[in-house]
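Notes for the one structure printed next.
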Amino acid sequence: MYNPTWGNMQAKNLTEKRCGRCGHEWSSGIDMPARCPHCGTYHWYGESVSYSCYVCGHSWFSRTTRTPMRCPKCKTRSWQSGPRRFNPKSVDTEDQNVRTVIDMYLHGKGCVAIAMTTGVALSSVIDIVKIAVCDGRQPRM
């Protein structure tokens, strides 16, 4: 089988490349390939910085070298330090409804299921779980 591209290329023209995102190493006859052949990223050269959202837990790579302003998943601007506006109120753990909500959440139920089962308003369930269990972060629904 004749391949005119590889037939004229000699071994001395091949250079080793390494993807900064996935770590894949390959030999290439092109000085600056457009994409990594393993992960397909266009930003394979150099080291990539991974970012993680404190609010929702999403991890991503930025397309630019600047620090992102928002989390691409939950769109919050406070993705680096968590919600700033959250002001925890005191939760009365002596209240039977509060104890029931916390127990159900710790046993794996979501906020919607807890609200439907107990008859407590969904907004109240979310507030209780945020304050008592999640340290102000978004609880599972």
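The values are calculated or read from the model by the stated rules, or taken from the named source; none is laboratory data. What you see is a predicted model; the values in this text were computed from it and never measured. Every residue, glycine among them, receives a Cβ derived from its backbone with ideal geometry; neighbour counts consider all protein chains shown.
Summary of values
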read-out	value
Segment 91-123 - residue that is closer than 25 Å to residue 78 by Cβ and either without any contact (Cβ under 8 Å) to a residue 12 or more places away in the chain or of a type in the set (A, V, I, L, M) (or both) and, of those, surrounded by the most Cβ atoms within 10 Å (Cβ to Cβ)	91
Qualifying residue in segment 103-124 (condition: more than 30 Å from the chain's Cα centre (by Cα), in a loop (DSSP other than H, G, I, E, B) and of a type outside the set (Ser, Thr, Tyr))	yes
Filter result (in a loop (DSSP other than H, G, I, E, B), exposed (fewer than 14 other Cβ atoms within 10 Å of the Cβ) and among the aromatic types (Phe, Trp, Tyr)) within segment 37-76	42
Those residues of segment 10-36 which are assigned to a loop (DSSP other than H, G, I, E, B) and in contact with a strand residue (DSSP E or B) (Cβ under 6 Å, 6 or more places away or on another chain), in sequence order	14
Among residues of segment 29-63, those that are out of contact with any Cys (no Cβ under 7 Å at 6 or more places or on another chain) and modelled with pLDDT of 85 or more, counted	12
Pairs where the first residue, in segment 16-36, is of a type in the set (A, V, I, L, M) and the second is surrounded by 10 or more Cβ atoms within 10 Å (Cβ to Cβ) and part of a loop (DSSP other than H, G, I, E, B), C-beta under 8 Å, 6+ apart	32/45; 34/42
